[in-house]
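Worksheet: one structure, shown below.
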Amino acid sequence: MNEIIKAIEAEQMKEHVSEFRVGDTVRVYGKVKEGNRERIQVFEGTVLKKQGGSNRATFTVRKTSNGVGVEKTWPLHSPNVEKVEVVRHGKVRRAKLNYLRERVGKSAKVKELVK
């Protein structure tokens, strides 16, 4: 039975997944269904965390909209995620940036990684 589950999960995985890390500012192009119409909505913010493996992997993106913090968790291999575009790379030293939730203003920003 374990092999059957692995085969099903392998079918659901995307072939090309863009490389991004925690702390990066990304643009997530997600499909939104409204009635019988389907459109693509862009969600831009900082990646707070990545977790899971194989086709169950998820990532959480946080942005501030009109002074209110908004977080969205996306499945990495979901067909509703069109693409993930990296805007800028962030310099962080942690795997999960939960401390950004309490911060406001300039202290809520992540420094840019300069190579």
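Name the residue, out of Lys63, Lys72, Lys83, that is among the basic types (Lys, Arg) and in contact with a Gly (Cβ under 6 Å, 6 or more places away or on another chain). Step through it out loud before you land on a result.
Numbers: Lys72 fails: in contact with a Gly (Cβ under 6 Å, 6 or more places away or on another chain); Lys83 fails: in contact with a Gly (Cβ under 6 Å, 6 or more places away or on another chain).
Answer to the check: Lys63.
Go through segment 47-77 residue by residue and tally those that are of a type in the set (Val, Ile, Thr) and surrounded by fewer than 18 Cβ atoms within 10 Å (Cβ to Cβ).
Quick first cut of segment 47-77, residues of a type in the set (Val, Ile, Thr) only: 47, 58, 60-61, 64, 68, 70, 73.
If we keep only those that are surrounded by fewer than 18 Cβ atoms within 10 Å (Cβ to Cβ) as well, we get 58, 64, 68, 70, 73.
Counting residues in segment 47-77 that are of a type in the set (Val, Ile, Thr) and surrounded by fewer than 18 Cβ atoms within 10 Å (Cβ to Cβ) gives 5.
Do the conditions hold for Val22, that is, is it modelled with pLDDT of 95 or more and outside any strand (DSSP E or B)?
Numbers: modelled with pLDDT of 95 or more: yes; outside any strand (DSSP E or B): yes.
For Val22, the condition - modelled with pLDDT of 95 or more and outside any strand (DSSP E or B) - is met.
Just give me the residues in segment 7-31 being of a type in the set (Val, Ile, Thr) and more than 17 Å from Glu85 (Cβ to Cβ), in sequence order.
Of segment 7-31, the ones of a type in the set (Val, Ile, Thr) are 8, 17, 22, 25-26, 28.
Hit for segment 7-31 is Ile8, nothing else.
Just to be sure, is Thr64 hydroxyl-bearing (Ser, Thr, Tyr), modelled with pLDDT under 95 and part of a strand (DSSP E or B)?
On the way: hydroxyl-bearing (Ser, Thr, Tyr): yes; modelled with pLDDT under 95: yes; part of a strand (DSSP E or B): yes.
Yes.
When Asn55 is evaluated against the numbered criteria (1) assigned to a strand (DSSP E or B); (2) modelled with pLDDT under 95, which criterion, by number, is the only one it fails?
Among (1) assigned to a strand (DSSP E or B); (2) modelled with pLDDT under 95, the lone unmet condition for Asn55 is (1).
Could you identify the single residue in Glu15, Glu38, Glu44, Glu11 that is without any contact (Cβ under 8 Å) to a residue 40 or more places away in the chain and surrounded by 10 or more Cβ atoms within 10 Å (Cβ to Cβ)?
Checking each option against the conditions leaves just Glu38.
The values are calculated or read from the model by the stated rules, or taken from the named source; none is laboratory data. On a predicted model such as this, the values are computed, not experimentally measured, just so you know. Methodologically, a virtual Cβ is constructed for each residue, glycine included, from the backbone with ideal geometry; neighbour enumeration extends over all protein chains shown.
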